[in-house]
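Asker: Got a structure for you, questions after.
The values are calculated or read from the model by the stated rules, or taken from the named source; none is laboratory data. Model, not experiment: these values are computed from the prediction. Note that each Cβ is placed from the backbone with ideal geometry, even for glycine, and that neighbours are counted across all protein chains shown. Surface accessibility is based on the protein's heavy atoms, side chains included, excluding ligands, DNA and RNA. Shrake-Rupley method; radii C 1.70, N 1.55, O 1.52, S 1.80 Å.
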Amino acid sequence: MRTEQIRLLLMAALLLAGGLRSMAQSAFSLIEQDRNFAAGSYGLYPDKNLPQQTPAPKGYKPFYISHYGRHGSRYLSDMKAYKLPTKMLHDADSLGKLTAFGQMAYREMRLNLADAEGRWGDLTDIGKRQQSAIAHRMLQNYPEVFSNGAFVDARSTIVTRCVLSMGSFVLQLVKERPKLQVSMQNSYSDMWYLNHQDKTLRDGAMSPRVQKLFNKFIITHWSHYDLLNKLFNDTAYVNRHVDKVWLPYYLGKAAIIQRNTNRGSLPNPLLDIFSSEDVHLFWQIENVYSYIQSGFFELNGAKQPYVQLSLLRQIIHEADSIINSKEHGASLRFGHETVLMPLVCLMGINGYDYKTADLTTLEQKGWWASKVYPMSGNLQLVFYRKNKKDRNPLVKVLVNEREATLPFSSDIAPYYRWSDFRDYYLQKIATGESALRAKR
């Protein structure tokens with residue numbers, strides 16, 4: 001089933017459960033303040049008003065950072081989101097069926113399409129600047145990690161936007177600390193943990209039960225009549241010739257991603273044709289879809305986060321190696337939101353290991369994927385020790401440079417003892433591996 005169709009089917013399930021606009025308004029309020037929050041995986045990196053860090057316990061200094069980051073802002077990777085609505089609007093315009101709003105939307109879509117042509121999935125200059133800024137703050141916040149003799153081991157998936165994200169990040173580090181011992185690599189040999197894919201889990205994300213429910217209600221519950229009336233001046237024409245499902249969805253997608261592109265600094269009148277309720281709707285589609293694909297969703301077996309067991313094990317292995325070697329520096333990994341999101345769920349960071357069969361509870365429970373995987377979203381594990389002989393350092397976890405909580409107790413939170421961290425997650429890995437063997 002097509003990704004977009006799945007997302008729309010998710011919408012039907014939510015509507016069936018009692019109506020989106022009657023749900024908790026906290027996310028809606030954020031969207032009213034800044035529609036970037038509704039963009040989900042298309043959101044700009046939230047680097048404004050970053051909170052101050054909690055001081056480390058007395059005597060502890062940072063010495064190692066273990067990082068996994070999503071690539072920076074990019075163009076849409078699928079031209080359909082531009083070409084399908086542009087074609088529909090073109091056909092209507094040729095017959096005089098567009099309103100003034102519709103003509104504006106058609107003009108904006110042509111401009112977006114021209115800007116994106118030949119750049120599908122490409123990293124943008126905005127994305128490069130995001131990575132450079134994160135690197136700069138990392139140096140500012142943890143200078144001890146990058147002091148004389150420090151290493152930087154940077155690796156990315158083989159996808160070009162990830163390679164360029166790595167390059168922008170490392171270039172900033174070297175610009176400010178030219179004596180760093182840097183290595184960079186993008187190789188198939190690292191893909192087993194940087195972007196591991198499990199066909200069984202991926203194919204099982206949509207259980208037959210869920211898919212049947214969505215299929216049953218999709219047509220009767222998905223409509224954007226107000227929006228279509230803004231765009232077209234002939235209801236009969238709309239009923240005969242306009243795809244009422246895909247046109248609003250793709251227009252919203254094109255409008256939301258514009259901020260990431262070369263047209264990002266320009267006014268975005270296309271986004272203005274959507275009400276706050278419409279944008280909230282888009283956010284909920286993306287959020288629920290992300291939960292089914294990456295979270296512990298009970299109706300598909302609650303195993304999707306286990307796809308990142310290898311990455312979590314690699315993170316622990318590399319940290320052990322640095323702790324025992326007395327070295328200091330950073331392990332930087334650059335990949336994708338489809339890795340970052342299930343990794344955060346697997347680790348139970350900030351409660352993202354929430355398990356449920358009821359998709360309508362996600363918003364009120366604070367399971368908001370947009371807080372985890374915007375463009376350039378990242379996870380940082382920062383290690384602190386008293387001295388080079390310290391074999392049980394402290395570790396602090398950051399999600400998008402904001403301190404996070406883990407699903408086990410600590411009397412010094414947001415700092416956790418490495419022994420507790422290591423024991424907890426090795427057991428989590430063992431549990432996950434056992435569950436996957438039983439599934440197969």
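Asker: Is at least one residue of the range 349-371 over 24 Å from residue 143 (Cβ atoms), in contact with a Phe, Trp or Tyr (Cβ under 7 Å, 6 or more places away or on another chain) and of a type in the set (Val, Ile, Thr)?
Answerer: No.
Asker: Same structure again: Which residue pairs have Cβ atoms closer than 6 Å, lie 6 or more positions apart in sequence or on different chains, and pair a first residue in the range 365-383 that is farther than 14 Å from residue 397 by Cβ with a second residue that is of a type in the set (D, E, K, R) and part of a loop (DSSP other than H, G, I, E, B)?
Answerer: Qualifying pairs under 6 Å: none.
Asker: Sticking with this one: Is the range 291-300 home to any residue that is outside any helix (DSSP H, G or I), more than 21 Å from the chain's Cα centre (by Cα) and of a type outside the set (Asp, Glu)? Explain how you work it out, then say what you get.
Answerer: Our first condition is that a residue be outside any helix (DSSP H, G or I); within the range 291-300, this holds for 295-297.
Cutting the leftovers down to more than 21 Å from the chain's Cα centre (by Cα) gives us none.
Checked the range 291-300: no residue is outside any helix (DSSP H, G or I), more than 21 Å from the chain's Cα centre (by Cα) and of a type outside the set (Asp, Glu).
Asker: Of all residues in the range 30-54 being exposed (fewer than 13 other Cβ atoms within 10 Å of the Cβ) and farther than 23 Å from residue 132 by Cβ, which is modelled with the lowest pLDDT?
Answerer: Going through the qualifying residues, I end up with 33.
Asker: Do we find that residue 331 is of a type in the set (Gly, Ala, Ser) and more than 20 Å from the chain's Cα centre (by Cα) in this structure?
Answerer: Yes, satisfied.
Asker: To continue, here is another question. Within the range 55-86, how many residues turn out to be over 21 Å from the mean Cα position of the chain (by Cα) and either aliphatic (A, V, I, L, M) or open to solvent by less than 20 Å² (accessible area, probe 1.4 Å) (or both)?
Answerer: 8
Asker: Out of 324, 239, 262, I need the residue that is in a helix (DSSP H, G or I), in contact (Cβ under 8 Å) with a residue 12 or more places away in the chain and of a type outside the set (A, V, I, L, M, F, W, C). Which one? Spell out the reasoning first.
Answerer: Details: 239 fails: in contact (Cβ under 8 Å) with a residue 12 or more places away in the chain; 262 fails: in a helix (DSSP H, G or I).
After applying the criteria, what remains is 324.
Asker: Answer yes if at least one residue in the range 262-280 is among the β-branched types (Val, Ile, Thr) and over 30 Å from residue 433 (Cα atoms), and no otherwise.
Answerer: We begin by selecting, within the range 262-280, every residue among the β-branched types (Val, Ile, Thr); these are 273, 279.
Pick out the ones that are also over 30 Å from residue 433 (Cα atoms) and you get 273, 279.
Looking through the range 262-280, at least one residue is among the β-branched types (Val, Ile, Thr) and over 30 Å from residue 433 (Cα atoms).
Asker: Follow-up. Just to be sure I understand, how many residues within the range 259-283 are open to solvent by less than 10 Å² (accessible area, probe 1.4 Å) and either within 30 Å of residue 208 (Cβ to Cβ) or touching a Pro at 6+ places or on another chain (Cβ under 9 Å) (or both)? Working first, answer last.
Answerer: Step one: filter the range 259-283 for residues open to solvent by less than 10 Å² (accessible area, probe 1.4 Å), giving 260-261, 270, 273, 279-280, 283.
From what's left, either within 30 Å of residue 208 (Cβ to Cβ) or touching a Pro at 6+ places or on another chain (Cβ under 9 Å) (or both): 280, 283.
Adding up the residues that qualify gives 2.
Asker: Let me ask something additional. Somewhere in the range 357-375, is a residue assigned to a strand (DSSP E or B) and open to solvent by 10 Å² or more (accessible area, probe 1.4 Å)? It would help to see each step written out before you state the result.
Answerer: Going residue by residue through the range 357-375, those that are assigned to a strand (DSSP E or B) are none.
So far as the range 357-375 goes, no, none of its residues is assigned to a strand (DSSP E or B) and open to solvent by 10 Å² or more (accessible area, probe 1.4 Å).
Asker: Go through the range 343-364 and give me each residue that's of a type outside the set (A, V, I, L, M, F, W, C) and under 12 Å from residue 398 (Cα atoms).
Answerer: Start the filter on the range 343-364 by keeping residues that are of a type outside the set (A, V, I, L, M, F, W, C), which leaves 348, 350-356, 358, 360-361, 363-364.
350, the sole residue that qualifies.
Asker: A follow-up question, please. Just checking, how many residues over the range 408-440 are of a type outside the set (A, V, I, L, M), under 22 Å from residue 65 (Cβ atoms) and open to solvent by less than 50 Å² (accessible area, probe 1.4 Å)?
Answerer: Of the residues in the range 408-440, 10 are of a type outside the set (A, V, I, L, M), under 22 Å from residue 65 (Cβ atoms) and open to solvent by less than 50 Å² (accessible area, probe 1.4 Å).
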